[in-house]
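Student: One structure coming up, written as structure tokens, with questions to follow.
The values are calculated or read from the model by the stated rules, or taken from the named source; none is laboratory data. What you see is a predicted model, and the numbers here were worked out from it, not measured in a lab. Glycine also receives a Cβ, built like all others from the backbone with ideal geometry; neighbour counts cover every protein chain displayed.
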Amino acid sequence: MLDMSTVVVIGGGYGGSAVAKALDAEADVVLVEPRDAFVNAAGSLRALTRPDWAGNLFFPYDGLLAGGRVVRDRAASVDPHGVTLASGARIDADHIVLATGSSYSYPGKPAAESTADALDHLRRTHKELADAGHVLIAGAGPVGLELAGEIKDVWPDKRVTVVDPGTELLPGFLPEVRADLHRALDALGVELRLGTTVSPPVEPGRLGAFTADGVTADIWFRAHGVRVNSDYLADGRLTTPGPRGTVPVTGTLNVVGYDHVYALGDITDLPEAKMAGYAMQHAEVVATNISARLRGEDPTATYDPAPHPMILLPLGPRGGVGQFPSPEGPFAVPVETVVEYKGADLFTSRFAAQFGIER
Ligand SMILES: Cc1cc2nc3c(=O)[nH]c(=O)nc-3n(C[C@H](O)[C@H](O)[C@H](O)COP(=O)(O)OP(=O)(O)OC[C@H]3O[C@@H](n4cnc5c(N)ncnc54)[C@H](O)[C@@H]3O)c2cc1C
């Protein structure tokens, strides 16, 4: 007989939507999420440069769950017995999954919660970007560099400068991957100014010439500053987030101190880069462990962060660099692999299948 325990998943991003779907047939799943659609952040930068493609960023929650439900609201407080929502409603839970991830400066992740508003914002920014001769990007991490690549793919003649206070690209990755990246950026004509901080006096993402710290440009974008979404834990009724807002977890991805509460993805304090790929691996571990509990068994699945970093960093749909792990150690992947695994469709087909949508 099915144990219809209630599993409340808070946050329907990469990790939360995967856990909710995995447990949908075994439990009464409630997914709490303020957006009307899952956002595949990997596609955000192309959604800005190609308005005709931008709809691919969003996957409505309607097709995700067959038995469970999605409650369009936000967690305001969580305690060991359930969640209190911003609307004041209360959902009691047998198992709780914290999956509220992180926010990122626009356009990395949309600020608006409705697809229509987010698309409208992207299209307005696209018009202003189209009219800019010189674009400044603050942040030379993967997001800033991918944005530079997408802009150069659509407007090869637009001047693009990327600044960063750091002195090297992709620290911690293989020297050959970093050398490939410099060559690819040079070939695109992207100007890099490392060891430089620029504080433009104008709003990001708006057309309007400015000069700041020796750089003159027509528009700028902020490509740094991940913020962990854990405000709803600030009352300390469940756990106390660390200084960066992350939550301490055990090897089975339980929130420390609770057998029936889990956390995954960017909200965890795991010593690894904050990546969707890892959030989805966490989701498998959490779903396996909750499933074991639903059958009355002890959970045994554990998660160990990988010893070496990995990355796929497209520079537009046809270029980019990457590094994969292997039992013999990390290795640089050819551009064809970057294009095939990520650059060509930015994971659109993978999420179309998960959300039951034809694309
Ligand atoms: C531009 C860009 C490109 C990226 N590309 C890649 C990539 O190619 N590969 C990769 O591995 N990683 C990539 N990342 C990183 C990746 O997006 C994050 O690691 C990932 O989003 C984390 O997933 P998550 O499941 O932890 O949470 P998220 O995907 O951040 O989802 C959290 C969800 O929780 C919701 N939420 C927030 N607060 C509340 C609340 N109080 N109550 C209820 N719900 C709430 C949010 O609306 C959101 O839907 C990229 C990031 C950016 C910004």
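Student: Looking only at region 2-27, filter to residues that are surrounded by fewer than 21 Cβ atoms within 10 Å (Cβ to Cβ) and under 11 Å from L294 (Cα atoms); which one of those is nearest to the ligand (Cβ to nearest atom)?
Tutor: Within region 2-27, the first condition is being surrounded by fewer than 21 Cβ atoms within 10 Å (Cβ to Cβ), and the residues that meet it are 2-6, 22, 24-26.
From the residues that got through so far, the ones that are under 11 Å from L294 (Cα atoms) too are 2-6, 26.
Values: L2: 26, D3: 25, M4: 23, S5: 20, T6: 16, E26: 21 Å.
Filtering region 2-27 for residues that are surrounded by fewer than 21 Cβ atoms within 10 Å (Cβ to Cβ) and under 11 Å from L294 (Cα atoms), the one nearest to the ligand (Cβ to nearest atom) comes out as T6.
Student: A follow-up question, please. Being free of Cβ contacts under 8 Å to residues at least 60 places away in the same chain and in contact with a helix residue (DSSP H, G or I) (Cβ under 9 Å, 6 or more places away or on another chain) is the filter here; which residues of region 171-186 pass it?
Tutor: Step one: list which residues in region 171-186 are free of Cβ contacts under 8 Å to residues at least 60 places away in the same chain, which gives 171, 175, 178-179, 182-183, 186.
Scanning region 171-186 gives a single hit, P171.
Student: I'd like the full set of residues that are part of a helix (DSSP H, G or I) and either hydroxyl-bearing (S, T, Y) or closer than 20 Å to N56 by Cα (or both), limited to region 21-42. Lay out the reasoning, then the answer.
Tutor: Our first condition is that a residue be part of a helix (DSSP H, G or I); within region 21-42, this holds for 21-23, 41-42.
A41, A42, listed by residue number.
Student: Looking at region 32-91, which of the residues that are within 21 Å of the chain's Cα centre (by Cα) and among the basic types (K, R) is farthest from the ligand (Cβ to nearest atom)?
Tutor: Residue satisfying both the conditions and the ranking: R50.
Student: Hey, any hits in region 155-178 for a residue that's at pLDDT 95 or above, exposed (fewer than 13 other Cβ atoms within 10 Å of the Cβ) and part of a helix (DSSP H, G or I)?
Tutor: Yes; the residues of region 155-178 include at least one that is at pLDDT 95 or above, exposed (fewer than 13 other Cβ atoms within 10 Å of the Cβ) and part of a helix (DSSP H, G or I).
Student: OK, next. What number of residues within region 325-341 are crowded, with 20+ Cβ neighbours inside 10 Å and under 17 Å from V143 (Cα atoms)? Talk me through it step by step, then tell me what you get.
Tutor: We begin by selecting, within region 325-341, every residue crowded, with 20+ Cβ neighbours inside 10 Å; these are 333, 338.
Still in the running and under 17 Å from V143 (Cα atoms): 338.
Residues that pass the stated criteria total 1.
Student: For region 275-324: of the residues being within 16 Å of the chain's Cα centre (by Cα) and small (G, A, S), which is surrounded by the most Cβ atoms within 10 Å (Cβ to Cβ)? It would help to see each step written out before you state the result.
Tutor: So the first thing to find is which residues in region 275-324 are within 16 Å of the chain's Cα centre (by Cα), and the list is 275-283, 310-314.
Filter again for small (G, A, S), leaving 276-277, 279, 283.
Details: A276: 17, G277: 14, A279: 24, A283: 27.
Of everything passing the filter in region 275-324, A283 is surrounded by the most Cβ atoms within 10 Å (Cβ to Cβ).
Student: Across region 99-112, what is the number of residues that are under 16 Å from Y14 (Cα atoms) and near the ligand (Cβ under 9 Å from one of its atoms)? Before you say what the answer is, go through the steps one by one.
Tutor: The first filter runs over region 99-112 and keeps only residues under 16 Å from Y14 (Cα atoms), leaving 99-104, 108-110.
Pick out the ones that are also near the ligand (Cβ under 9 Å from one of its atoms) and you get 99-104, 108-109.
Here the count works out to 8.
Student: Kindly indicate whether any position in region 195-204 is in contact with a Lys or Arg (Cβ under 8 Å, 6 or more places away or on another chain), surrounded by 14 or more Cβ atoms within 10 Å (Cβ to Cβ) and either more than 19 Å from V321 (Cα to Cα) or outside the structural domain of W220 (by TED's automatic domain parsing) (or both). Talk me through it step by step, then tell me what you get.
Tutor: In the first step, residues of region 195-204 are kept if they are in contact with a Lys or Arg (Cβ under 8 Å, 6 or more places away or on another chain); the result is 204.
Next, from what is left, pick out any that are surrounded by 14 or more Cβ atoms within 10 Å (Cβ to Cβ): 204.
Restricting the remaining residues to those that are either more than 19 Å from V321 (Cα to Cα) or outside the structural domain of W220 (by TED's automatic domain parsing) (or both) gives 204.
Yes: one or more hits.
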